[in-house]
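Quick note: the coordinates plus some simple rules give every number you see, no bench work behind them. All of these numbers come straight from a predicted model, not from anything done at the bench. Cβ placement follows ideal geometry from the backbone for every residue including glycine, while neighbour counts extend to all protein chains displayed.
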Amino acid sequence: MTALGILLVLVLLLVVFGLLFRLQILTSIFSGSSAREFGMSNRVNAVLMIIFMVVGGAAFAWSFGDNFNKMNPPIASVHGLATERMFWTTMIIIGIVFVLTQVALFYYSYKYQQKDGRRAYFFPHNNKIEIIWTVIPAIVMAGLVFAGWKEWTRITGPAPKDSVVLEVMGKQFNWLVRYPGRDLKLGVVNYRLIDATNEFGFDLTDKTGLDDFVAGEIHVPKGHPVLLKIRSRDVLHAVYMPHFRVQMYAVPGMPTKFWFTPTKTTDEMRAQLGNPKFNYELACNQICGRGHFAMKLNIVVDEPDDYVAWFSQQKSFSEQNPDVLASFKQKEEKLVVKEAAAAVTVPAANASL
């Protein structure tokens, strides 16, 4: 309460000083001496403009340089190089324009400050200038948009036929990962079958899904295309893999996808960074609820042979959960009996007619 009282007193003092300053200006206007006071404050503001530009620019440059590596983790995918090049091309172009306009803004505020006897030049319109600052930005922006569209179309287009396919599903508040088995085909899932054991909703009546398996972390081979099939079980999430420059929304009821090719194994990145504890990470960068911070999953990039060895050691969901498989078989047997009974009943009914 003491701190709050002190804060309120300070606020009230600021209000009082503001009102006194305003009263002084009004008094000067009525007394006819407002020009001198206005000139003094204007000079102070003009100098402050230059100081703010220099100090603010220096602070921005320091902050940018100090945090550059945090904002730009090393690239570990093929398309990441193209998107990074496009990003920095855009940043350089916009940055040059930003610096020039801001320097002109602050410098002109200082140079053309109010002075006695000076009158502003009235410059209402100029067709040539209007054309220049409309056409040039339009051409530059069209080029940037076209380059971005071209790269985005390539990334989100059909994945190579030999891609490693896996499904990533987001839910509050963790990620689930599903791989196809030896048949390399993901089986059917049904949200009505989701429970504490069958979190993906495996429909084990579908034969192609019998060898599908879930994993506690993502494994992908280096130098091989990887297709992520993405969906959400509840709210909006986002698959974000910063080192691979991958981001795609996980939208409830609307499957999405993204494919990329890793270029550095986890061990190679650890050696490059000098950090033996480094791991690639899948994170959700959409605030999806109270436990949003927990939505992280390790990604391991293996050498192709190591990936094959890891893949061959995995057990399918049906092998890990024989009770679930047995339950599906019982349901399937009951359905077969029911269909057989119906097949017998229909001819008998037709005979009686």
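Worth a mention:
- Peptides 280-286, 8-14, 253-259, 152-158 ordered by average Cβ neighbours within 10 Å, highest first: 280-286, 253-259, 152-158, 8-14
- Using only alpha-carbon positions in region 49-117, the gyration tensor eigenvalues give semi-axes of 36, 15, 4 Å once each is multiplied by 5 and square-rooted (largest first).
- Region 257-272 versus region 188-217: alpha-carbon centroid distance in Å: 28 Å
- Computed from the C-beta positions of THR134 and ALA104 and an R0 of 22 Å, the FRET efficiency is 0.75 to the nearest 0.05.
- Considered as an equivalent ellipsoid built on the Cα gyration tensor, region 215-266 has semi-axes of 22, 11, 10 Å, the largest given first.
- Ellipsoid semi-axes for region 1-132, based on the Cα gyration tensor and the rule √(5λ), read 43, 29, 12 Å when sorted largest first.
- Stretchable slack from VAL188 to SER41, in nm (0.36 nm times residue separation minus alpha-carbon distance): 45.5 nm
- Reciprocal of mean inverse Cα separation for region 207-326 (Kirkwood radius, Å): 16.1 Å
- Against the empirical 2.2 N^0.38 Å (N residues), the chain has a Cα radius of gyration ratio of 1.60.
- Kirkwood estimate for region 124-240, i.e. one over the average of 1/r between Cα atoms, Å: 17.9 Å
- Förster-model FRET efficiency, 45 Å R0, ASP323 and ASN275, C-beta, rounded to 0.05: 0.60
- Formal net charge of residues neighbouring LEU227 (Cβ-Cβ distance under 12 Å; K, R +1; D, E -1): +1
- Here the spin labels are modelled as points 7 Å beyond Cα on the Cα-Cβ line, and at TRP88 and ARG22 they lie 5.1 nm apart.
- Relative contact order, whole percent, for the chain stands at 15, derived from Cα pairs under 8 Å and 6 or more residues apart.
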